[in-house]
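Every number in this text was worked out from the coordinates using simple rules, so none of it is lab data. Everything numeric here is computed off the predicted structure, so don't read it as measured data. When we count neighbours, we look across all protein chains shown, and the Cβ atoms used for this are built from the backbone with ideal geometry, even at glycine.
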Amino acid sequence: MSARVFVVWCPDWPVVAALAEESGGSGSAVPASRPAAVLAAHRVVACTDTARTFGIRRGMRRRDAQGRCPELLLLPDNPDRDARAFETVLAVLEEIRPGVALLRPGLAALRSPGRFYGDEAATAAVIAERLVTAGVWDCRIGVADDLLTAEQAARLAGPQESRIVPPGGARDFLVDLPVEVIDDADAVSLLRRLGLTTLGDLLPLPAPDVRTRFGAATSRLHQVLGGVESARFAPRVPPPDLVVDIAFEPALDSAETICFSARRTCEQLVAGLLQRRLVCTELRIEVLTEGEPALLARSWLHPRWFTAADVLDRLRYQLAGQGAGQGVGLGSVHAGVTGLRFVPEIVVPEHVHAEALWGGTDARVERGIARLQGLLGHDRVLTPVVQGGRSPAARQTLVPWGERPHGLRPSDLPWPGALPGPAPSRVFPVPWPVQIHDGRGRPVVLDERGLLSGEPTRLHLEDRWQPIVGWAGPWPVEEGWWEEEWWREDAARRAPTMRVQVVGADGRAWLVTHLGGAWEAVAGYE
């Protein structure tokens, strides 16, 4: 018989990781009692127990969730963040038994370590104890002969507790479970309509019919109920130890001395990565001090990849910004630096960031921008990024320099009502007032059907009139009416926006909109 399977489940992991990042980024901890939820595509993907007491559930729309709990803390979905945070759990599990399989952030499996820790209950207690020590408070453990049964057992366990299914007891354990445990909403709905309410109701059905009618997820559970072992999981390969440390004895109090002493360590860090054909794009620098707090840490991002000089620059900026190593008081305590730790948080194969045929950004420019970011703050140096949207203003957003954007609207969707190309080269933060007249000198307006009252012939912009040599449109667009605040807005703002492209006699083209009875220039073509 194959080794037994342990499944470790950390409920609501996306919201746990998001709250941890929110507390670290804001400098103040988010109260554990505050209701919070992670949203993707305006729907709840995870929420806290406090939020569930208000009736908030997975799949609920954003406005419905806010209607039930106005003080709900909304957090963005970020799978990369969830995976990075779950590395702590995987590291703990790999110390107990190598060969851990990451099923998804928040759920992991490993083979039984045998009787090394005693029986299975003692092993589960050791896992829970070490996870709590690592700061993971809500962890639940299931043990069974197969992966699917162990996962369902973990979901029935209490916080920091385990549920053990005896050998050969998978069928007896599963038959009474409701069909809602199947991870397929369409299959669950179909089973309910057919009068099948528990997994035991699936037993009389032929296996080919179950797979054809109800899908792969239901078929796997049906196989386990029939005594067929479910698919084996593939354990991940533990990542190499890329962390480098340096200790100072006695403590150093000069930033220049610290950077000079760390130069060789930075070179070893980059050389070790290159030997594995890797480069680092996100680096965490931890500064150990004699004062309080004893650990000053910050994660740095790079638009390309870190060289040894880049690492030293980030260290120097971090020391200057945090006041460590310069005889500057941290609160009321003067801190000397006793050690450094460099932790590559994201590494990628070196070919991903290979130089382009005609070169890339000058390294001196990148170092200058990083220096400016270190002085002004992480969120004060921004770069424009294109996302999906209907208007030119909606298609652009700003992200901190060096940070990978996430949570953007996809640009490859159709976006009905979007402005046809080419896109404007300049979008005005504040629209410019415009007047448009027809050949008789009368203002051009739009009627209730969205048609122009006359052909545009003259344009007043930048305090002067000029003839219009070409125009196109109008294109109506009405959006935002589904938002919960829409009904509160004035009638003019609820009306469709009409957009027209005009070309002046000076050769410049403009995108003008008609809203609320007035024309405005929102973008220009150059």
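What Kirkwood Rh does the stretch 414-466 have if only Cα atoms enter the pairwise 1/r average? Answer in Å.
13.5
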Once both label points are put 7 Å beyond Cα along the C-beta direction, the L242-A185 separation in nm becomes 3.6
R380 and E249 label points (each 7 Å along its Cα→Cβ direction) are spaced in nm at 4.0
With the convex hull built on the alpha-carbon atoms of the stretch 185-225, volume per residue in Å³ sits at 61
Spacing of the two label points (7 Å from each Cα toward its C-beta) at R63 and V126, in nm | 5.4
So the FRET efficiency between A271 and T198, C-beta based with R0 = 51 Å and rounded to 0.05, is 0.30
Could you work out the relative contact order of the stretch 5-164, using alpha carbon pairs under 8 angstrom and six or more residues apart, expressed as a whole percent?
-> 27
Would you mind giving the average projected area, over all directions, of the Cα convex hull of the stretch 7-142 in nm² with one decimal?
-> 8.6
Report the FRET efficiency, 1/(1 + (r/R0)^6), for L74 and R440, where r is their Cβ-Cβ distance and R0 is 51 Å, rounded to 0.05.
-> 0.45
Restrict the search to the stretch 68-160; then list the GluC sites (Glu not before Pro) that DSSP places in a loop and that have at most 13 other Cβ atoms within 10 Å of their Cβ.
-> E71
